[in-house]
Each structure stands twice: as C-alpha cells, then as structure tokens.
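**Q** Before I ask anything, let me first share the structure, which is written out below as structure tokens.
The values are calculated or read from the model by the stated rules, or taken from the named source; none is laboratory data. Only a predicted model underlies this, so the values are computations on that prediction, with no experimental measurement involved. A quick note on method: Cβ atoms are made from the backbone with ideal geometry, for glycine too, and the neighbour counts reach across all protein chains shown. When the accessible area is computed, the model is the full protein with side chains, heavy atoms only, and any ligands, DNA or RNA have been set aside. Shrake-Rupley method; radii C 1.70, N 1.55, O 1.52, S 1.80 Å.
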Amino acid sequence: MSALVEHPTVRKYETTPHPARKEELSSAWLRELALACGADDVGFVEIERPSIAGERAEVERVFPGARSLIGIVRRMGREEVRSPARSLANLEFHHTTDEVNDIGRRLVAALEREGVRALNTASGFPMEADRWGTRNWIVSHKPVAEAAGLGRMGIHRNVIHPRFGTFILLGTVVIEAKVDVYSQPLDYNPCLECKLCVAACPTGAIGADGAFDFSACYTHNYREFMGGFIDWVETVAGSGSAAEYRKRVADTETVSMWQSLAFGPNYKAAYCLSVCPAGEDVIGPFLADRPKFLQTIVKPLQEKEETVYVLPNSDAEAHVARRFPSKKSKRVSNGLRSPSVASFLRGLRLTFQRERAGDLDATYHFTFTGAEELEATVVIRNKRLEVMPGRVGKADLRITADAAAWLRFIRKETSIIWPLLRRMIRIQGPPRLLLAFGRCFGA
C-alpha cells in the first residue's frame, strides 16, 4: 500500500500491505492503520457480540454482509469544553466531530484499497431525518465503544475512556471481514461517582442515585437541535406579528438559532462533560487540589447567568428555581411527538418526571383499538416507572382508547373532553388517577 496522504491531524505513517487474506484481518495491522488515519484509540467488535445486539439489525440493513465493527476514539481539547463560553466548547465539539468523520473516511478508503468492503457511519449528524420520532441513527456508538474496550459509561451517560476521560468523541466503521483478535470490555469503570456532573447539570437530569431524566437534558441541551427547532418554527408560525414574536423570543435566542443554522447546532450545556475529572490524563488536578478544581471548573458553570429551557410543570423547572438563583428558566416544548401508540409507550421512560410522581402508587392497563391494536401495563410506584406488554396484574385504572384519538390527545391537539364524550377514550376507575398519570409526564 502506498503512504497515506499527509493530513494536519494525522501522523505521517508508511503502512504496509496486510499480511493475511482479507476475510480475517490482523488486529495489530488494523490498529496501526486506524491510528495512522488519526484515531487516538481503536477497538474491534464482532457483529454477533450480545452486548451490541440492538445495533445489528440496523447495521445489516445499511451494510449487508457486516462482520465486524471498528470503534474509534478522538480526543477533544479539555479547556475549550470546560469553558463557560459555550461558543468555544461548541467549536471543539463540531470540529472534533468532523475529525472523527474524516478518520472514518480515510480508514474506509485505505481498507478499500486492500480489497476490504467498509462503511463509515456518521459520528453524529446527519441522521435519517425521515425516521424522526423513531430510531433515526445508524449506529449507537456508545455500546460499540464499551464492547470495544474503549471505556465505560459514567452516571452522566457518556463513555469515559480510561486515559482520555470523558473528553472524547466516538465513531464506528463497519467492515465485511473478521478480525483475528477482538477487543473485550474494560473490567472496571473509570467513573469516580464523584457526582460533579450531578452538581453541575442545570436541569437536574442526572440523579445522585444514577437515575437519568432524558427529557430534561434533551429539552435544554439540545434546544437548537431537532425538537427545539420544531418548537421554534411553530413559535414563528404562531406569532401574528414581529412584535408578538419578539415577546415570545428574545433577540439573543433568535441570533443563537441563526448561529446554529449557519454553523451547526450548538449545545446549551454539556456541563457533565466539562466537570468530569475521570481518566488518567485528566484526574491529576482533581486529586492534587479538589477545592481549586471545584472553584475553577465547576463553580463558573454553576454560577453562569443563562436561560435554562424546561418543559412546563417539569422536575427540571423546579430544579432550576431551587438550585440555581443565577439562572432563569423558560418554558418551551421539545418537539417530541409520538407517531404511534407503540412510540408513546416507549417514550414514557424518557419523559417520566419522578419528583412530580410523588407518592403515587398505581397500576394502569391500556387497551388501544383502531389503527393500532395494543395492550400494555404501566406501573408507577416509589417514584419509579415500569412499562410492560399486555395487561399484567390488577389495574387501578383501565384506559381503553382509539389509537388515533389518544395520539391527538397526548399531542395536545385536542382536550380529552371530546373523545371522552364520544367514547373514543373510556376509563374505568378513579378519574384522579388519569390526572395523576398526566402529572407524572408534565401535563
């Protein structure tokens, strides 16, 4: 193989042809090749690995014949990601994402020259937008990285590399070849469980007990991504004049949205990455002087004056008011709308507000009719949610609903009164339990 073209982010490295037949690649050779293409670390996973079973169907849909996955790690600049000036952090996020995609493309090109079929999947965006509301990504890089021994998930739901810590971005290349030696997961978790991510998160999305409020994180941190953009467009459409629009949206928000459209969607926080001290290359200052670490890295993010975007009547809204006097919350929608009752049931786990649930102890049986015939059980107890197929146990409230009527109701396209009067939605049990159910999801 000829030398790789020199690139500013890649070491100049003279590669040699693969020594074996292409159906089974040498892991040592493949690792050298990936590092030469710019990866900071790399690992290999067979497509049959049980821990990535959830990725297999989609990978094989876009790349029939897939046999192995190559997990890629690229480091980010720590000081940029830690800065209260999120423009600097976002610049680092975007450029490192571009680098991961470039590494994947160079690796694919090199493998193709060796006669190996390979596919680079997007590190982040773009995704399959026509599948919005369902799975619109090709590969979830985090489980691949964990299986490839590139790190373990911390309580902040990000992969922590044993050396580089949480200051990394991930990519995945799929190949139609076996590898002689596959990587294995780390036998320990680099996460310190120091709870600094809990303390820094402006929305309270990360619980000290390991719980995670997806909707709180998504609504704020991803405000200028997919769902937030939907809400912004609907705000524009619903404003009768420029003056009315300005009452709803500050000029700073409009300019920020423009910047995201012109440059790339900007994260509003990602503070959980910023404050994480884990990783061999990262942990030194934290161990040497914890008070200084808190003062110079954590406090500036906690005390930053900013708007935190929250769903109305959500745990996040209460968290901002209780924990961050320098921040103000703004009620918005996150644009998440279920396209089906099956999606509605899956989404309950993502939108559950456990503090709003309080001391509720109830079992709900759902029976959907019409376009989607489906039965499910939802149990809310001890601030925890469980969703099960079928009707399980004794119900405190039974809900029978036409699927289309229920979706219109949960999308807030209609009140529940009309479908109740027309018996398109029927309940058996105390109506207060239906109100309590809605309260658990911000209604």
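**Q** Inside the range 380-399, can you point out the residues that are exposed (fewer than 15 other Cβ atoms within 10 Å of the Cβ) and either touching a helix residue (DSSP H, G or I) at 6+ places or on another chain (Cβ under 6 Å) or of a type outside the set (Asp, Glu) (or both)? Spell out how you get there, then give the answer.
**A** We begin by selecting, within the range 380-399, every residue exposed (fewer than 15 other Cβ atoms within 10 Å of the Cβ); these are 381-382, 384, 386, 388-390, 393-394.
Correct list: Arg381, Asn382, Arg384, Met388, Pro389, Gly390, Gly393, Lys394.
**Q** Tally up the residues in the range 316-350 that are open to solvent by less than 20 Å² (accessible area, probe 1.4 Å) and assigned to a loop (DSSP other than H, G, I, E, B), please.
**A** The total comes to 5.
**Q** A further question on this structure: Looking at the range 410-422, is at least one residue closer than 17 Å to Ser343 by Cα and in contact (Cβ under 8 Å) with a residue 60 or more places away in the chain?
**A** yes
**Q** Please work out which residue is farthest from the chain's Cα centre (by Cα), limiting yourself to the range 394-421 and to residues that are in a loop (DSSP other than H, G, I, E, B) and of a type in the set (Gly, Ala, Ser).
**A** Initial filter on the range 394-421 (in a loop (DSSP other than H, G, I, E, B)): 394-396, 411-416.
Applying the additional criterion that residues be of a type in the set (Gly, Ala, Ser) yields 395, 415.
Working: Ala395: 33, Ser415: 31 Å.
The residue in question is Ala395.
**Q** Among the listed residues Val45, Val81, Val62, which satisfies the condition of being β-branched (Val, Ile, Thr) and open to solvent by 20 Å² or more (accessible area, probe 1.4 Å)?
**A** Values: Val45 fails: open to solvent by 20 Å² or more (accessible area, probe 1.4 Å); Val81 fails: open to solvent by 20 Å² or more (accessible area, probe 1.4 Å).
Answer to the check: Val62.
**Q** For the range 213-227, does any single residue satisfy the condition of being over 18 Å from the mean Cα position of the chain (by Cα) and not basic (Lys, Arg)? Let's see the steps before the verdict.
**A** First, the residues of the range 213-227 that are over 18 Å from the mean Cα position of the chain (by Cα): none.
No - not one qualifying residue is present in the range 213-227.
**Q** Then there is this: What residue, among those in the range 235-257 that are hydrophobic (A, V, I, L, M, F, W, C) and within 18 Å of Asn334 (Cα to Cα), is nearest to the chain's Cα centre (by Cα)? So that I can check it myself, show each step before the final result.
**A** Residues of the range 235-257 hydrophobic (A, V, I, L, M, F, W, C): 236-237, 242-243, 249-250, 255, 257.
Right, trim to within 18 Å of Asn334 (Cα to Cα) and you get 236-237, 249-250, 257.
Details: Val236: 27, Ala237: 28, Val249: 26, Ala250: 27, Met257: 20 Å.
Per the stated criteria, the residue is Met257.
**Q** Just give me the residues in the range 401-417 being at pLDDT 90 or above, open to solvent by less than 80 Å² (accessible area, probe 1.4 Å) and not aliphatic (A, V, I, L, M), in sequence order.
**A** Asp402, Trp406, Phe409
**Q** What number of residues within the range 31-55 satisfy the criterion of being in a helix (DSSP H, G or I) and among the β-branched types (Val, Ile, Thr)? Step through it out loud before you land on a result.
**A** First, the residues of the range 31-55 that are in a helix (DSSP H, G or I): 31-36, 50-55.
This time we only want the ones that are among the β-branched types (Val, Ile, Thr), so: 52.
So the answer is 1.
**Q** So which residues in the range 274-296 are open to solvent by less than 20 Å² (accessible area, probe 1.4 Å) and assigned to a helix (DSSP H, G or I), if there are any at all?
**A** Taking the range 274-296 and keeping what is open to solvent by less than 20 Å² (accessible area, probe 1.4 Å), we get 274-279, 282, 286, 293.
Within the range 274-296, Ser274, Val275, Phe286, Phe293 qualify.
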